[in-house]
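The values are calculated or read from the model by the stated rules, or taken from the named source; none is laboratory data. Since we're looking at a predicted model, the values are computed, not measured. Here the Cβ positions follow ideal geometry from the backbone for every residue, glycine too, while neighbour counts run over all protein chains shown. The accessibility values were calculated without ligands, DNA or RNA, using every heavy atom of the protein model including side chains. Shrake-Rupley method; radii C 1.70, N 1.55, O 1.52, S 1.80 Å.
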Amino acid sequence: GKEGRSTLKSLNAWQRKRRLKALEGVRKRRNLAREAELSLRRKPTEPFQDAGGSEAVMEEGGSQQATGSNSDNGGGLGIEVARADRPGFVRAKESCKRHASQLSVMEWLIDVPEDLHTHWFVMPRPEGPRCLVTSQGGSTISRFKNGRFHRKFQSVLPNGSKASMTGSSKGSKCVLDAVFHAPSRTFYVTDCMVWEDYSLVDCDFEFRRFWLSQRLPGGPAGPAINGDCFGFGSSNGSGSGSSGDDANALAFHVAATPVEKATRETLARAYSDAFAYEKDGLILIHKEALYIQGQQTPLCLQWKDAHCSRYPIDTDAEGNVLEKQSVVLQLAADGRSVCTGDDDPIALGALPLAFAQENAGSLRPGMLFRFNLGEGGLVLAPDGKPAGANLELVGMPKKRVAGDVVSRILFQYLTRTGQVTFQTLLAGFNSPSEPGDVDM
């Protein structure tokens, strides 16, 4: 309705402010990095220090009051809160968090960036889990985005296999952000943080993209990627093998994900064309975006619909669409409020009173809980930000290390009730000064 459109336009204004603030932070951090580099040149014996931290700090949640309601029936759910407080469980969780903090936190597109036509890149995201890929000491290790171990294998990356170890690179490492496409046994690299010990986190995406294009093949042998629009050229299968690890052959491919500057044409191709892999939506990245490890940025966005993804809406383990939207929230410092996983958490509700009282001795700030959105869903404030939700406690997620960011919650909510459509994305090129409206 009219009121809904007004609220969503306010949400767009809120997102614009966040992007401008993020760009200011990017430019400030880049200037600090340049000053540090100049200092290093003047004093070559001093070690270089990255501007800004690379480790994520787990937020303990805010104290603001949410306007959402909760079903007060949590006491009888049989959720094992005490297990999550055991020392071994906590140590394993912290280890996963340390690895997970090396990846940036992508946000979801809930409004069209006003400079989409001039300052953004687009890449078709491969279907598969996001991974942290590290090559060092003659082997390559991949971990899921939650920090859990995935695979150890031989790769073409520097120091990623016995064969790729050289005198000049021996002892150095590479750290990459990638998506594992299981059918082709390929890690499609979407970004690069470190290459042979050279840190790229304070370089803008436009440079990181060029850097990767000079060092990785475009993909494994298979359906060709359109080299005129995307890519780092068509695939020829170079640098890849199919034999097992026992023979020190390369059982997995490592390839660059195709990427191009966002225009009407490239956006349409990324959305509609067939690639060497199944797509799971689009990734949009601002050309000035730095790689901020362990933190979120509105300058790196994901988007998908039923045309370019098999799973535009969250599903269960069998691939069935969930009847109700599921969200993961983290416990705030007050021991009852539950908040989003944003750098600045937003409180959406509270644990049921009976459940909180029953488990008072085991509850710790930062613990994660899974909820369903009940009737009424999200409550949006006049400025477009979520102010609360009708939460139904379901349980505790076993594999998650952080709560959902608010843009992911909003994207799933809008996907179920009306969202930013692909036509809206294209319309952004017709109105450079204003972002597209959300189709309801």
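Please say if region 241-372 is rounded, prolate or oblate, where rounded means a/c under 1.5 for a ≥ b ≥ c the square roots of the C-alpha gyration tensor eigenvalues, and otherwise the choice is prolate for a/b larger than b/c and oblate otherwise?
prolate
Could you put 24, 323, 278 in order of accessible surface area, largest first, with the 1.4 Å probe and the full protein assembly present?
On the way: 24 125, 323 170, 278 85 Å².
Result, largest first: 323, 24, 278.
Take the residue pairs 145/304; 28/93; 21/145 and return only those whose Cα atoms are more than 28 Å apart.
28/93
Would you mind working out the magnitude of the charge dipole of region 314-429 relative to its Cα centre, with +1 at each Lys and Arg C-beta and -1 at each Asp and Glu C-beta, to the nearest 20 Debye?
On the way: 10 positive and 13 negative charges, 39 e Å.
The calculated dipole for region 314-429 is roughly 180 debye.
Roughly how many debye, to the nearest 20, is the charge dipole of region 255-393 about its Cα centre, given +1 on each Lys and Arg Cβ, -1 on each Asp and Glu Cβ, and no other charges?
240 debye
Can you send over the carbon and sulfur percentage of the accessible area for region 314-440, probe radius 1.4 Å, protein chains only?
The C+S portion of the solvent-accessible surface of region 314-440 is 48 percent.
Sort region 314-429 into rounded, prolate or oblate with this rule: let a ≥ b ≥ c be the square roots of the eigenvalues of the Cα gyration tensor; rounded if a/c is under 1.5, and if a/c is not under 1.5, prolate when a/b is larger than b/c, oblate otherwise.
Numbers: a/c = 2.11, a/b = 1.67, b/c = 1.26.
The shape class here is prolate.
Using a 1.4 Å probe, what is the accessible area per residue for region 314-429, in Å²?
39 Å²
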